[in-house]
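Written out below as structure tokens is the structure these notes cover.
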Amino acid sequence: MPTYRVSIHESADVAAAEQWWVHTLELPATRFQRATLKRHRPTIRYNTQEEYHGCLVIDVPRSRELYWRIEGLVAGLGAAIT
């Protein structure tokens, strides 16, 4: 079963971002791991508004076979297009 984690800047509202992802994905909060905080580096950031919810990281255990199937599907689609 996949687990989810939010990767977000430490200066953002972490709790609000996690709740946004829980609500958007309609998943129980227990499926989410603790957020990964990106350290603040003094650079110009444009994603500082209320709409910033960080990046969602999805961890799928034993996903090697699934990856191979998707890779084969993409290769087959690519061959069909060319």
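Read-outs: derived from the displayed coordinates by stated rules, not from any lab. On a predicted model such as this, the values are computed, not experimentally measured, just so you know. Here Cβ is always computed from backbone atoms with ideal geometry, including for glycine, and neighbour counts include all displayed protein chains.
Quick check on segment 5-13. Is at least one of its residues out of contact with any strand residue (DSSP E or B) (no Cβ under 8 Å at 6 or more places or on another chain) and loosely packed, with under 11 Cβ neighbours inside 10 Å? Among the residues of segment 5-13, not one is out of contact with any strand residue (DSSP E or B) (no Cβ under 8 Å at 6 or more places or on another chain) and loosely packed, with under 11 Cβ neighbours inside 10 Å, which makes the answer no.
Selection of first residues in segment 3-32 that are more than 26 Å from Ser63 (Cβ to Cβ) and of second residues that are hydrophobic (A, V, I, L, M, F, W, C) and buried (at least 17 other Cβ atoms within 10 Å of the Cβ), restricted to Cβ pairs under 7 Å at least 6 apart or on distinct chains, gives the following pairs, ordered by first then second residue: Val14/Ile8; Val14/Ala35.
Inside the chain, counting only strands (runs of 3 or more DSSP E) that do not spill past its ends, which hold 3 or more residues that are among the hydrophobic types (A, V, I, L, M, F, W, C)?
It comes to 55-59.
Per this entry, Arg62 is counted among residues that are without any contact (Cβ under 8 Å) to a residue 24 or more places away in the chain and on the phi > 0 side of the Ramachandran plot.
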